[in-house]
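Written below as structure tokens is the structure these notes are about.
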Amino acid sequence: MTDPIFVPVKINGLEIKNRICMPAVNLGMAKDFEITDPIVDFYAERARGGAGMITIGLATIDDYSAGKRSIGAHDDRFIPGLSRLAGAIRENGAVAAIQLNHCGRYNHSSALEGRQPVAPSAVASRMTGETPREMNLDEIAGTVESFAEAAVRAKEAGFQVVEVLHGTGYLISEFLSPLTNRRTDEYGGSFENRMRFGLEIMKAIRHKLGDDFPLMVRMNGNDFMAGGLNSADLREYAKNLVNTGAVNALCINVGWHEARVPQIVPSVPRGTFAYFSRELKSVVDVPVISSHRINDPETARELLSNGMCDMVGMARPLIADPYFPKKAQEGRERNIVHCIACAQGCFDNIRRGKQVECLCNPKAGHEGDAAIEKAEKPRRIFVVGGGPAGMSAALAASERGHSVTLYERTDSLGGQLFLAGAPTGREEFLELARDLARQVELSPVGIVLGREVDEALIEREKPDAVILATGATPLRPPIPGVDLPHVVQAWDVLLDKVHTGRRVVVIGGGAVGVETALFLADKGTLSGDALKFLLVNKAETPEYLYDLATRGTKEVALIEMIEKIGKDIGSTTRWTMLQDMARSRVDVRKETRALEITDSGIKVECAGEVEEIPAETVVLAAGAKSYNPLQQVLEAKGIECRAVGDAEQIALAFDAVHQGYAAGRSI
């Protein structure tokens with residue numbers, strides 16, 4: 001049977017070899033708006049991996065559009081670099097598309113060399129904390145023309161498709177939304193007037209490029225902003241876009257950056273937002289691309305086969321594994337390294353002013369400078385520890401040509417990824433554990449499970465070098481009563497090694513504490529299947545079902561000494577986890593110090609007041625310490641060794657994977 005993923009599709013006569021599209025991602029790799037070698041290397045690798053169409057961007061239309069680390073398309077001087085990038089995509093087998101955008105009030109003045117961002121109205125942005133300047137009519141007309149001129153440059157540079165971003169809270173969607181458009185002229189007020197700016201842009205581009213050139217719009221299915229545009233509004237906008245005759249395809253996004261509905265984190269079920277593309281397909285007669293959390297071939301096939309969309313958008317999945325399409329087409333799906341939606345290397349990096357990288361793929365963003373070269377003299381390498389750092393190190397060292405043996409003292413590979421994947425909505429971390437283990441199994445690396453590496457084994461086997469990825473052990477804080485029988489470690493809770501009572505207090509508000517609190521608060525809530533059954537059969541009111549889906553059977557309190565909860569959680573994910581704790585009724589107590597654990601609870605101090613919180617179980621999530629018993633042994637024997645991941649210093653899974661890769665690559 002024909003695989004629906006690999007059936008060609010046409011956009012305004014242009015044939016695309018398969019149904020996989022890589023939507024635009026701001027890589028943060030441009031320098032003074034110019035295309036750099038890392039950008040070319042990054043996209044060329046994704047084209048070689050088999051994607052049907054690759055959209056680069058965001059690309060600017062004027063010098064108010066974005067900062068200098070974004071790709072420039074607002075001046076003719078950028079055409080040579082754009083041409084080089086378009087050529088690299090086309091020559092490696094993919095259709096080259098470019099997304100034009102203006103960030104509007106989402107710009108920071110610091111990125112605009114102190115200039116005030118512009119927008120339809122002077123409405124402050126919660127994301128930047130700044131208030132933009134309202135555009136006048138001449139500026140609006142000039143911006144429309146700038147979009148059209150940038151599209152001409154893109155065509156001249158060899159891009160085969162131009163996409164314009166009309167969503168996500170950027171300039172065009174700011175004109176669309178009554179939240180950000182308070183104008184009283186022909187560009188404000190009625191929905192017809194608020195649509196005018198976006199429609200004029202597409203008409204101007206069509207006029208410049210002619211009837212045969214493929215034009216796309218990336219737009220929201222729902223803004224998820226209270227008082228903003230909903231699904232019905234945006235379906236109407238989609239009809240108007242297509243009815244202009246200027247738009248040949250729609251790529252469907254979801255939400256604004258300020259929206260409080262999670263969009264890109266692991267708790268979003270795969271393919272959830274495809275209902276937007278399904279609804280839009282019913283009102284337009286052009287191809288519709290679905291995106292967000294489509295990270296495996298089976299989800300893609302199901303959406304395409306069921307008529308939910310005409311193409312699938314996969315940005316982060318192709319960052320995690322550029323060869324996802326080829327692996328799917330060649331029947332090697334089990335070899336795919338899936339995006340786990342952690343956002344640690346992509347969105348979190350961009351927010352920190354860094355370039356895009358990836359937890360799952362340490363080569364992402366470093367395709368040129370982090371390539372692995374074969375060792376001049378292959379050596380015998382031991383890797384001790386089968387967590388993410390150890391597996392990454394073993395794979396890189398093996399790729400170097402060394403003879404590698406990976407030792408893991410438990411009966412499975414994965415390490416602390418099993419802890420991260422325990423709470424509901426965090427299961428994608430278990431996917432990464434499986435993916436990395438599969439990569440190791442497919443490699444020449446020897447795997448020894450259930451074996452502790454000790455001095456005797458080292459003496460007997462005499463490896464040339466050892467990479468220590470032995471991880472960490474949980475801390476036991478010096479609190480009176482910590483040895484009482486109802487005190488347990490968070491790691492044991494997450495791995496279901498211990499039972500907990502109805503009333504539980506978690507000590508420690510870092511990532512592990514937050515994950516443990518959510519894990520416990522979810523006990524006794526309705527499952528997704530149960531919720532759907534009761535909802536469609538109208539067994540209970542939606543309000544009562546919401547309560548049953550969010551109110552568990554345990555009373556959970558979380559105490560943290562400092563003012564910030566989840567300080568070691570990435571910004572993209574942190575707010576969603578804090579929101580989940582509030583919804584699940586976790587009693588969060590900041591700036592609260594544990595004084596003593598008693599038989600009936602825990603005494604705490606906050607703002608000078610002492611109280612006892614009743615608890616049948618007290619959970620310790622007070623951090624971890626490096627576990628590295630072998631380094632001194634190896635150094636005494638003169639054996640080259642290096643520690644990575646938590647064995648070196650407590651850090652994130654992202655750091656573990658990247659440190660392991662760097663060690664294996666350099667040994």
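Data table
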| read-out | value |
| --- | --- |
| Separation in nanometres of the label points that stand 7 Å from Cα toward Cβ, at Asp454 and Ile650 | 2.8 nm |
| Relative packing of peptides 609-619, 414-424 - highest average C-beta neighbours within 10 Å first | 414-424, 609-619 |
| For Cys641, residues with placed amide H under 5 Å, excluding near neighbours | Val466 |
| Placed amide H near Phe159: partners under 5 Å, 5+ positions off or other chain | none |
| Under the Karplus curve 6.51 cos²θ - 1.76 cosθ + 1.60, θ = phi - 60°, whole-Hz ³J(HN,Hα) for segment 465-476, x wherever Gly or Pro sits | 7, 9, 9, 9, 10, 7, x, 8, 10, x, 7, 10 |
| Backbone N under 19 Å from the Arg502 label point (7 Å along Cα→Cβ), restricted to segment 524-555 | 524-526, 548-555 |
| Nearest-0.05 FRET efficiency for Leu484 and Glu543, computed from C-beta distance (R0 41 Å) | 0.50 |
| Note, ³J(HN,Hα) from phi for segment 18-31, Karplus 6.51, -1.76, 1.60, rounded to Hz, x at Gly and Pro | 8, 9, 9, 10, 9, x, 5, 9, 6, 7, x, 10, 6, 10 |
| Extension gain (nm, one decimal) between Arg585 and Glu563, 0.36 nm per residue minus Cα-Cα | 6.0 nm |
| Where labels lie 7 Å past Cα in the beta-carbon direction, separation of Asp138 and Thr550 in nm | 5.1 nm |
| Residues in segment 430-469 reached by a label modelled at Ala636 [backbone nitrogen below 14 Å; 7 Å Cα→Cβ] | 454-459 |
| Cα long-axis angle, helix 137-157 against the chain (0 to 90 degrees, to the nearest 10) | 80 degrees |
| Residue-wise HN-Hα coupling along segment 419-436, computed from phi with Karplus coefficients 6.51, -1.76, 1.60 (Hz; x: Gly, Pro) | 6, 4, x, 6, x, 4, x, 10, 5, 4, 5, 5, 4, 5, 4, 5, 5, 5 |
| Cα centroid of segment 1-56 to Cα centroid of segment 473-529, whole Å | 44 Å |
| Principal-axis tilt of helix 511-521 within the chain, Cα atoms, nearest 10 degrees | 90 degrees |
| Antiparallel content of DSSP bridges confined to segment 487-622, in %, to 5 | 40 percent |
| Crossing angle, helix 231-243 versus the chain [Cα axis fit, 0-90 degrees, rounded to tens] | 40 degrees |
| At R0 = 25 Å, FRET efficiency that the Cβ-Cβ distance of Thr424 and Ser571 yields, to 0.05 | 0.70 |
| Segment 487-622: relative contact order in percent, alpha carbon pairs under 8 Å with at least 6 residues between | 37 percent |
| Charge dipole magnitude, Cβ of K and R +1, D and E -1 - segment 4-351, Cα centre, debye nearest 20 | 860 debye |
| Highest average packing first - 201-213, 54-66, 100-112, Cβ atoms within 10 Å | 54-66, 100-112, 201-213 |
| Cα centroid separation - segment 612-644 against segment 70-101, whole Å | 48 Å |
| Stretch gain in nm, segment Glu612-Lys462, where the contour uses 0.36 nm per residue and the Cα spacing is subtracted | 48.4 nm |
| Amide H within-cut-off set for Ile56, under 5 Å, with H built and near neighbours excluded | Ala97, Ile98, Gln99 |
| Where labels lie 7 Å past Cα in the beta-carbon direction, separation of Glu113 and Lys10 in nm | 4.7 nm |
| Extension gain (nm, one decimal) between Asp369 and His257, 0.36 nm per residue minus Cα-Cα | 37.1 nm |
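FYI, it's all coordinate maths here, none of it is from the lab. Just so you know, these numbers come straight off a predicted model, no measurement behind them. When we count neighbours, we look across all protein chains shown, and the Cβ atoms used for this are built from the backbone with ideal geometry, even at glycine.
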